[in-house]
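Here's the structure we're looking at; comments come further down.
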Amino acid sequence: MRLVLVLGDQLSPGMAALKAADRDRDLVVMAEVGTETGYVPHHPKKIALILAAMRKFAGRLQAEGWRVAYSRLDDPDNAGSIPGELLRRASETGAKEVIATEPGEWRLIEALGEMPLRVTMLEDDRFIASHADFDAWAEGRKALRMEYFYREMRRKTGLLMDGDRPAGGKWNYDRENRKPARDDLFAPKPLWFSPDEALEEVLGLVEDRFGGNFGALRPFGYATDPGQAGQVLDRFIAEALPLFGDYQDAMLSGNRFLYHSLISAYLNIGLLDPLDACRRAEAAWKGGKVPINAAEGFIRQILGWREYVRGIYFRGGPDYPRQNKLNHQRKLPALYWGAETRMNCLAHAVAQTRDEAYAHHIQRLMITGNFALIAGIDPAEVHEWYLSVYVDAFEWVEAPNTVGMSQFADGGVIASKPYVSSGSYISRMSDYCGGCHYSVTARTGERACPFNLLYWAFLDRHRDRFGGNPRMAQMYRTWDRMDAAHRGTVLEEAGQFLHKMGRGDCI
Ligand code: FAD
Ligand code: DLZ
Ligand code: SF4
């Protein structure tokens, strides 16, 4: 008899470990444990989603004839960690061998590798690119740019391909995808679910144990099984996908979700299959229901970005998340954990994160990420924040996005230039600036938008690194054209702002 480990983000019936196991002989081990619920202060909605989905998945396996040893967080004998639970089940049953699917974090891969049991770790084949596929693509390349990897994946899957050419003639329709949104647009409502009795039990447990973590547990409406998650995807494809491309980068105070799918958590824990989601979007395009820029934009996020960041994480090794190539050392300001701020864009992004455990990509990249980068925050603190507060956060996907794409702490493996902007980008893509204490058009003075001050100060501070980057030449030319006295004032006021931030003032 062998133990078959299924983790909280491995809730797919076709998991490699289950495929390799013998239903009549082996014992599935699933465990709610303190180390996983506590390695960062997860948002309560994230913990509730995972525990509820784990319980449902265990029930389904049992109904299909598997023997499942399931440990609840409040079981008195719970050993408190995944290796501890495996050892407990091994001593109860006499098993000496574990079959596992490779976890999505180095931390757990290492812990399983150190166990005094024979552990076979199988590759997680829910991804479209295997480790070998990614390595074969990456080997010998000077720069690992997502766009070229993505084209390889289009060829591999045949998605949006017309023979060996991209459907519609272009690989990428991003140029058509940068429209700001208006309040009077019809925006579809995401699909939420009312908790049943079993979910209420989980919510009670999470409330008791993790009620003090940052984030609102209720109302809780996330899908907790593949059937519900499939309905979310169906609704998205029918109602939101047609305009997904157009408004992908837009932000509105009155609409937190716009035309986004909200499926990342379901993909990441195994309730939805990534290739199937792409094929369904492609079918909607083929059926004339969505334009090519929308289908291509959505498919690129999953087939391109999602697969690419996973490849970068595993190629980067266990130290990938700890990089700090720009040597940023400031502490993450309390506003990220909900303290008051006068910056309306940040107030909105953080309040939405607190309420929903969700923010869309541009809010993560160009509001919370951009501010942390231009303010020089220690990327390890930024990484811990993103890993904690989003319902879809697992290190394999979160760390490359945060440490690499957003904080440039990997020195430019993912991004060819840092994602920094002044307030004018935020003003163009959102309606946040209208309701702000600061003025987005003021470049200096009491009311100057902090993004304006910090943006130029960032470029000035990192001139040695970025001054020669052709993609940033225009920014440096603009800075250099400003008169010296003005530049001096900008740098001085940026310094004062950072000083106030460090002192803990409301900024
Ligand atoms: P949509 O906009 O509807 O996109 C569709 C799908 O594409 C998503 O569900 C997701 O699976 C995939 N996708 C889109 N962009 C990316 C990307 N850059 N990397 C990987 N997959 C992508 N995504 C996570 O799943 N987990 C994270 O912990 C995470 N952390 C992030 C941290 C930062 C700093 C940034 C900038 C981005 C992060 N992302 C993360 C990527 C992206 O923001 C989310 O996948 C997306 O916002 C999820 O919302 P959605 O399902 O509505 O996505
Ligand atoms: C995120 C998470 C949480 C909050 N709780 C559990 C848990 O109790 N048991 C479990 O098996 N998995 C949990 N997870 C998911 C794991 O942290 C995840 O499998 C690893 O981080 C690897 O991606
Ligand atoms: Fe954000 Fe500046 Fe706009 Fe205020 S003015 S919302 S701080 S970008």
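The values are calculated or read from the model by the stated rules, or taken from the named source; none is laboratory data. Here the structure is a predicted model, which is why all the values come from computation and not from measurement. Heads up, the Cβs are rebuilt from the backbone with ideal geometry, glycines too, and the neighbour counts pull from every protein chain shown. In case anyone asks, the SASA skips ligands and DNA or RNA and just uses the protein heavy atoms, side chains included. Shrake-Rupley method; radii C 1.70, N 1.55, O 1.52, S 1.80 Å.
How much of the accessible area of the stretch 420-507, in percent, comes from carbon and sulfur atoms when a 1.4 Å probe is used?
Roughly 48 percent of what the probe reaches on the stretch 420-507 is carbon or sulfur.
Spin-label point model (7 Å from Cα, Cβ direction): what's the T441 to E201 distance in nm?
Calculated label separation equals 6.0 nm.
Using only helices, what value at 222 nm comes out for the chain when you add -39,500 (n - 2.57) per DSSP H run of length 4 or more and divide by the total residues, to the nearest 500 deg cm²/dmol?
Working: 23 runs with 220 residues, N = 507.
Computed ellipticity for the chain at 222 nm equals -12500 deg cm²/dmol.
Can you list the lysines whose alpha carbon sits under 29 Å from that of K189, skipping same-chain ones fewer than 8 residues off?
K45, K46, K56, K179, K286, K289
Collect residues whose amide H, placed 1.01 Å from N in the peptide plane, falls under 5 Å from the amide H of M161; neighbours closer than 5 in sequence don't count.
Here A167 satisfy the definition.
Using a 10 angstrom Cβ neighbour count of at most 13 plus a DSSP loop assignment to flag exposed chymotrypsin sites (Phe, Trp or Tyr not before Pro), which longest range of the chain is free of such sites?
In short, 193-507.
Can you work out D for the stretch 3-122 in µm² s⁻¹ from Stokes-Einstein, where Rh is the Kirkwood radius over C-alpha pairs, the temperature is 20 °C and the viscosity is 1.002 mPa s? Mind showing how you got there, number by number?
On the way: Rh = 14.4 Å.
Using the Kirkwood radius from Cα pairs, D works out to 149 µm²/s.
Just to confirm my numbers, what's the Cα centroid distance between the stretch 310-328 and the stretch 434-448 in Å?
Answer, in whole Å: 36.
Return the tail of the calculated pair distribution for the chain, meaning the percent of Cα-Cα pairs more than 36 Å apart.
Numbers: 42517 of 128271 pairs.
That fraction is 33 percent.
How high is the relative contact order of the chain, in percent, counting Cα pairs under 8 Å that sit 6 or more residues apart?
Averaging sequence separation for qualifying contacts and normalising by length gives 16 percent for the chain.
Amide H neighbours of A393 under 5 Å, at least 5 residues apart or on other chains, H built in the peptide plane: list them.
The answer is none.
If exposed trypsin sites (Lys or Arg not before Pro) are those in a DSSP loop with at most 10 other Cβ within 10 Å, what is the longest stretch of the chain that has none?
Looking at the chain, 183-507 is the longest stretch - no exposed trypsin sites (Lys or Arg not before Pro) with at most 10 other Cβ atoms within 10 Å.
Only Lys, Arg, Asp and Glu count, each charged at its Cβ (+1, +1, -1, -1), so figure out the dipole size of the chain about its Cα centre, rounded to 20 debye.
1640 debye
Return the long-range amide H neighbours of V119 (sequence gap of 5 or more, or a different chain), with a cut-off of under 5 Å between placed amide H atoms.
The list, which skips near neighbours in sequence, is V98.
Which of A250, Y308, Y320 sits farthest toward the positive end of the charge dipole of the stretch 236-380, with +1 on the Cβ of Lys and Arg and -1 on the Cβ of Asp and Glu?
Y320
Expressed in whole Å with the largest first, what are the equivalent ellipsoid semi-axes of the stretch 100-221 derived from the C-alpha gyration tensor as the square root of 5 times each eigenvalue?
Listed largest to smallest, the semi-axes of the stretch 100-221 are 37, 31, 14 Å.
Report the charge-dipole magnitude of the stretch 245-372 in Debye, nearest 20, computed about the Cα centre from +1 at each Lys and Arg Cβ and -1 at each Asp and Glu Cβ.
Working: 16 positive and 11 negative charges, 71 e Å.
Computed charge dipole of the stretch 245-372: roughly 340 debye.
Residue by residue, what Karplus-based ³J(HN,Hα) values in Hz, rounded to whole numbers, does the stretch 37-42 have, using 6.51, -1.76 and 1.60 with θ = phi - 60° and x for Gly and Pro?
Taking θ as phi minus 60°, the curve returns 6, x, 6, 9, x, 4 Hz for the stretch 37-42.
Pick out, from A21, T120, L49, the residue whose Cα sits farthest towards the positive end of the charge dipole of the stretch 3-122, with +1 on the Cβ of Lys and Arg and -1 on the Cβ of Asp and Glu.
Looking along the dipole axis, the top candidate is L49.
Given F236, L191, F220, which one lies farthest toward the positive end of the charge dipole of the chain, if we put +1 on the Cβ of every Lys and Arg and -1 on the Cβ of every Asp and Glu?
F236
Using the Kirkwood formula over every pair of different C-alpha atoms, what hydrodynamic radius in Å results for the stretch 334-503?
Answer for the stretch 334-503: a Kirkwood hydrodynamic radius of 16.5 Å.
State the dimensionless ratio Rg/Rh of the stretch 23-90 (Rg: radius of gyration of Cα atoms; Rh: Kirkwood radius).
Details: Rg = 12.5 Å, Rh = 12.7 Å.
Computed over Cα atoms, the ratio is 0.99.
Hey, how much of the P(r) for the stretch 256-362 falls beyond 18 Å, as a percent of Cα pairs?
Cα-Cα pairs of the stretch 256-362 separated by over 18 Å account for 66 percent.
With contacts defined as alpha carbon pairs under 8 Å and 6 or more residues apart, what's the relative contact order of the stretch 3-122 in percent? Kindly include the intermediate steps, with their values, before the conclusion.
Numbers: 149 pairs, mean separation 40.4, N = 120.
So the answer I get is 34 percent.
Loop sites only, by DSSP: take the GluC sites (Glu not before Pro) in the chain that have at most 15 other C-beta atoms within 10 Å and name the longest stretch containing none of them.
140-339
Based on Cβ point charges of +1 for Lys and Arg and -1 for Asp and Glu, what charge dipole magnitude is obtained for the stretch 440-507 about its Cα centre, in debye rounded to the nearest 20?
220 debye
Rg over Rh of the stretch 366-442, using C-alpha atoms and the Kirkwood radius, what does it come to?
We get a ratio of 1.02 for the stretch 366-442.
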